[in-house]
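The values are calculated or read from the model by the stated rules, or taken from the named source; none is laboratory data. Note that this is a predicted model, so its numbers are computed, not measured. Here the Cβ positions follow ideal geometry from the backbone for every residue, glycine too, while neighbour counts run over all protein chains shown.
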């Protein structure tokens with residue numbers, strides 16, 4: 001049963017001052033209006049100090065805010081209050097990285113997280129780099145390979161899952177299960 | 001006379017229809033009542049379980065394919081696995097789709113074991129069918145494919161990423177992260193909340209701190225707990241052949 005949340009109707013631009021988008025044709029590009037406006041203002045401000053380091057933006061929600069478990073089996077990305085973002089790289093290339101990769105910039109990523117965390121509308125930031133500390137950071141539980149005892153890669157090693165405050169009580173636990 | 005009879009019949013029909021609607025409405029509210037009560041009061045369910053399910057046996061062609069794939073996993077048959085991949089296979093978030101990235105991630109040329117271990121685990125944990133873009137698909141394991149049914153039962157406002165599933169019967173909930181600690185409770189296919197812990201390092205313990213939905217905290221061995229974001233696979237039937245369309249860990 002489709003249960004549209006009419007507040008999830010603001011479309012993120014595919015690029016703008018201080019940000020670009022990186023997802024494919026299936027990109028989920030809708031959120032509540034204050035989320036899109038708040039992020040685009042933040043990115044514009046970020047751009048003033050980091051003109052060569054735009055923020056890579058991934059999935060938001062789908063129009064109407066329904067969870068999309070085909071694309072996000074664990075989180076669903078419902079409600080129009082989530083933005084996935086790439087960590088920062090140290091080579092100014094617009095591409096993915098993760099916190100264990102040689103291309104990863106901890107300094108820039110920490111600065112990005114500090115900035116996002118300073119926004120009153122940001123509730124939490126899921127990202128696994130253990131060397132970045134912020135009250136709003138949430139880390140995935142560590143898992144280890146039982147043979148090698150090496151930490152296994154986790155889903156938030158390569159992106160920040162940023163959750164914003166819900167301005168409209170669009171339910172997070174929607175009945176409308178996609179697909 | 002005939003007109004009066006027709007009017008009588010119409011009135012009776014309308015009354016009957018109204019009666020049915022009222023009855024249906026009452027039934028719907030009755031069915032939804034516990035859920036609505038939870039949402040309005042913000043009270044979490046005491047317990048939510050996700051029981052294992054394997055719908056694969058409903059389709060004989062899929063059963064044959066899965067058995068063949070399991071044999072390939074046991075014998076490390078790279079050629080069969082590669083021939084079973086969709087050309088546009090999903091390899092992860094922010095990762096290229098397709099065979100080149102698949103080979104790169106799993107490093108089959110270097111004799112890496114991870115692919116075989118990952119597939120053996122996934123294929124041994126059931127799963128379910130869905131229709132995606134007009135194609136019938138099977139996704140495994142059940143923890144991921146049936147996760148949407150759990151999300152709708154979580155406490156209001158809960159982040160699904162905070163929750164994982166106990167994947168066995170009578171799993172010990174320990175008071176401390178070691179096997180000699182007292183067992184505080186046992187858990188059977190329960191959905192539990194992972195309690196944030198400081199980052200582990202190196203050869204760390206394999207215990208995970210969790211809380212039941214009723215609020216009881218303790219530690220479980222990470223052998224018995226799985227996240228919907230852990231690796232999953234999906235398979236699509238194209239013509240007479242089943243192809244793997246996803247092998248990825250996605251949030």
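Remarks
- Of the residues making up region B:155-176, those that are assigned to a loop (DSSP other than H, G, I, E, B) and at pLDDT 90 or above number 7.
- All positions within region A:149-172 that are assigned to a loop (DSSP other than H, G, I, E, B), touching a strand residue (DSSP E or B) at 6+ places or on another chain (Cβ under 9 Å) and touching a residue at least 60 places away in the same chain (Cβ under 8 Å): A:159, A:165, A:166, A:167, A:168, A:170, A:172
- Residues in region A:63-78 that are over 14 Å from residue B:248 (Cα atoms) and at the interface with chain B (Cβ under 9 Å from one of its Cβ atoms): A:67, A:75, A:76, A:77, A:78.
- Residues located in region B:129-138, provided they are touching a helix residue (DSSP H, G or I) at 6+ places or on another chain (Cβ under 6 Å) and within 12 Å of chain A (Cβ to nearest Cβ): B:129
- Scanning region A:54-71 finds no residues that are in a helix (DSSP H, G or I) and touching a helix residue (DSSP H, G or I) at 6+ places or on another chain (Cβ under 9 Å).
- Number of the exception - residue A:109 against (1) assigned to a loop (DSSP other than H, G, I, E, B); (2) at pLDDT 95 or above; (3) closer than 26 Å to residue A:154 by Cβ: (1)
- Members of region B:182-201 that are in a loop (DSSP other than H, G, I, E, B) and either within 11 Å of another protein chain (Cβ to nearest Cβ) or at pLDDT below 95 (or both): B:195, B:196, B:197, B:198, B:199, B:200, B:201
- Search result, residues across region B:89-129 that are more than 18 Å from residue A:153 (Cα to Cα) and not in a helix (DSSP H, G or I): B:89, B:97, B:98, B:111, B:124, B:125, B:126, B:127, B:128, B:129
Condition check ((1) closer than 20 Å to residue B:230 by Cβ; (2) out of contact with any strand residue (DSSP E or B) (no Cβ under 7 Å at 6 or more places or on another chain); (3) surrounded by fewer than 16 Cβ atoms within 10 Å (Cβ to Cβ); (4) free of Cβ contacts under 8 Å to residues at least 24 places away in the same chain) across all residues:
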| site | (1), (2), (3), (4) |
| --- | --- |
| B:160 | yes, yes, no, no |
| B:163 | yes, no, no, no |
| B:166 | yes, no, no, no |
| B:171 | yes, no, no, no |
| B:174 | no, no, no, no |
| B:177 | no, no, no, no |
| B:180 | no, yes, yes, yes |
| B:190 | yes, no, no, no |
| B:194 | yes, no, no, no |
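- Counting the residues of region B:71-99 that are within 22 Å of the chain's Cα centre (by Cα) and either outside the structural domain of residue B:139 (by TED's automatic domain parsing) or more than 12 Å from residue B:246 (Cβ to Cβ) (or both) gives 1.
- Region A:118-148, subset touching a residue at least 40 places away in the same chain (Cβ under 8 Å) and part of a strand (DSSP E or B), residue nearest to the other protein chains (Cβ to nearest Cβ): A:123
- Filter result for residue B:78 (surrounded by fewer than 17 Cβ atoms within 10 Å (Cβ to Cβ) and in contact with a helix residue (DSSP H, G or I) (Cβ under 6 Å, 6 or more places away or on another chain)): yes
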